[in-house]
1. For segment 49-86, which residues satisfy the criterion of being over 14 Å from VAL264 (Cβ atoms), away from the ligand (no atom under 16 Å from the Cβ) and of a type in the set (Gly, Ala, Ser)?
2. Is it the case that ILE175 is among the β-branched types (Val, Ile, Thr) and within 15 Å of the ligand (Cβ to nearest atom)?
3. Which one of PRO145, PRO159, PRO133, PRO167 is assigned by TED's automatic domain parsing to the domain that holds ALA228, modelled with pLDDT under 95 and farther than 27 Å from HIS251 by Cβ?
4. For segment 229-299, please list each of the helices (runs of 4 or more DSSP H) lying entirely inside it that holds at least 2 residues being outside the structural domain of SER82 (by TED's automatic domain parsing) and small (Gly, Ala, Ser).
5. Go through (1) under 18 Å from ARG226 (Cα atoms); (2) within 20 Å of the chain's Cα centre (by Cα); (3) crowded, with 21+ Cβ neighbours inside 10 Å for VAL273 and report which single condition fails.
6. Mind checking which helices (runs of 4 or more DSSP H) fall wholly inside segment 1-98 and carry at least 2 residues that are in contact with a helix residue (DSSP H, G or I) (Cβ under 8 Å, 6 or more places away or on another chain)?
7. Only one residue in ALA119, ALA113 is touching a strand residue (DSSP E or B) at 6+ places or on another chain (Cβ under 8 Å), small (Gly, Ala, Ser), over 21 Å from SER204 (Cα atoms) and surrounded by 18 or more Cβ atoms within 10 Å (Cβ to Cβ), so which one is that?
8. Within segment 109-158, track down each residue that is charged (D, E, K, R) and more than 16 Å from the ligand (Cβ to nearest atom).
Amino acid sequence: MLKVTQQPDVISFGGGLPAPELFPCREIAECTRDVMDRYGASALQYSVTEGIPEMRSWVASRLSPRFGREIAAHEVLVANGSQQGLDLIGKIFIDPGDHIVLENPSYLGAIQAFDAYEARYLTVETDEDGIVPESLERVLDTADPFPKFLYLIPNFQNPTGRTLAGPRREQIVRICEHYELPIVEDDPYGELRFDGEQLAPLASYARSGAVIYLGTGSKIVAPGMRVAWFVISDEEVREKIVLAKQGADLHSGTLAQYVFHAYVSTPAFDEHVREIVRTYRARRDCMHGALREFAPPLVQFNRPQGGMFLWARVPGADTNELLKVSTRERVVFVPGESFYPGRDVRDGMRLNFSNSSEEKIQTGIQRLCRAIEEA
Ligand SMILES: Cc1ncc(COP(=O)(O)O)c(C=O)c1O
């Protein structure tokens with residue numbers, strides 16, 4: 001697909017990339033100079049595995065209002081992208097053959113990270129409001145061996161763009177506490193909400209500290225900096241993650257952390273996030289509007305309240321085959337099959353709207369709909 005998307009006339013809804021024209025290039029350059037003037041050699045030195053104190057305090061204070069409690073800086077660990085977070089979680093929790101509970105479909109990168117530790121998957125029924133609590137209970141009642149954790153993306157999920165409904169969040173935490181099942185709450189898109197109210201993270205409902213929360217700077221600043229974070233209130237889990245990270249990379253890049261921290265501490269940062277939200281909202285509207293106008297009646301698609309992806313289904317179709325036709329029409333997407341751990345559902349497609357201009361989205365959706373008609 002990469003080869004195809006490098007051709008200039010191909011429109012790609014395939015990748016999961018943020019809009020590069022919104023990256024704060026000038027500000028990051030200025031912050032880098034400020035960091036070097038202020039910290040000099042220590043910004044280039046080895047640093048602690050947990051992350052620089054400035055970053056840990058910033059994450060704690062930014063997330064405390066959402067968690068509804070004062071997060072202590074020592075609960076925060078910096079990771080080299082939340083993708084590393086997923087790998088480290090796999091490393092400390094999963095023995096070959098262990099079960100992990102997932103939404104169906106789920107994030108391909110998480111499946112890849114857990115696959116490396118030879119996990120097996122139990123999937124929970126998922127509807128427009130996210131994981132169905134009754135289905136989770138049924139799965140946990142009969143699971144053998146009992147799973148190691150539940151992995152979910154509560155906000156604007158990758159790949160479906162769906163959000164776990166408010167009332168279900170507490171229900172799911174209570175069910176998992178009842179069964180003593182840790183939750184891995186992966187929240188890269190939470191700040192990218194276009195409509196409606198922010199919903200409290202699952203971590204805010206936890207009584208026992210069994211939620212491992214993951215956030216990232218990738219979608220609100222830039223993914224190339226590889227600055228992300230865990231919030232883990234359980235000390236034992238935190239210590240194991242630190243040991244695992246030490247073995248993996250000693251620590252995340254010191255300079256990247258200092259520069260990231262310097263930028264998010266400027267007044268420009270909040271306005272920057274608002275601009276990303278405005279831009280992606282317009283692109284979501286454009287993609288949704290174009291689908292309404294051009295999609296054949298059988299195509300089903302949603303209107304996510306945030307994030308970077310819209311999910312469409314073409315009942316009866318195999319979207320792997322559809323991709324071949326759409327490539328001829330010069331537009332690509334990610335076929336849904338690979339997001340299902342059982343690889344048993346083939347009619348879905350993930351459409352990224354963050355990385356294309358409205359003009360390209362309009363043209364790309366027309367081409368895609370032509371391909372669907374043809375196929
Ligand atoms: C659900 C989810 N988790 C984790 C990641 C990895 O993000 P990061 O850039 O922080 O490694 C992504 C990236 O797209 C994602 O969609």
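The values are calculated or read from the model by the stated rules, or taken from the named source; none is laboratory data. Remember, it's a predicted structure, so these values are computed and weren't measured experimentally. Heads up, the Cβs are rebuilt from the backbone with ideal geometry, glycines too, and the neighbour counts pull from every protein chain shown.
1. Start the filter on segment 49-86 by keeping residues that are over 14 Å from VAL264 (Cβ atoms), which leaves 49-50, 53, 64-75, 77, 79-86.
Subset that is away from the ligand (no atom under 16 Å from the Cβ): 49-50, 53, 64-75.
Result: SER64, GLY68, ALA72, ALA73.
2. Working: among the β-branched types (Val, Ile, Thr): yes; within 15 Å of the ligand (Cβ to nearest atom): no.
In short, no.
3. Only one candidate passes the filter, namely PRO145.
4. Numbers: elements: 235-249, 254-264, 268-294.
Helices (runs of 4 or more DSSP H) meeting the threshold: 268-294.
5. It fails just one condition, (3).
6. Values: elements: 2-5, 25-39, 53-67, 82-93.
In segment 1-98, the matching helices (runs of 4 or more DSSP H) lie at 25-39, 53-67, 82-93.
7. Of the residues listed, the single one that is touching a strand residue (DSSP E or B) at 6+ places or on another chain (Cβ under 8 Å), small (Gly, Ala, Ser), over 21 Å from SER204 (Cα atoms) and surrounded by 18 or more Cβ atoms within 10 Å (Cβ to Cβ) is ALA119.
8. Pass one, segment 109-158, residues charged (D, E, K, R): 115, 118, 120, 125, 127-129, 134, 137-138, 141, 144, 148.
Those that are charged (D, E, K, R) and more than 16 Å from the ligand (Cβ to nearest atom): GLU118, ARG120, GLU125, ASP127, GLU128, ASP129, GLU134, GLU137, ARG138, ASP141, ASP144, LYS148.
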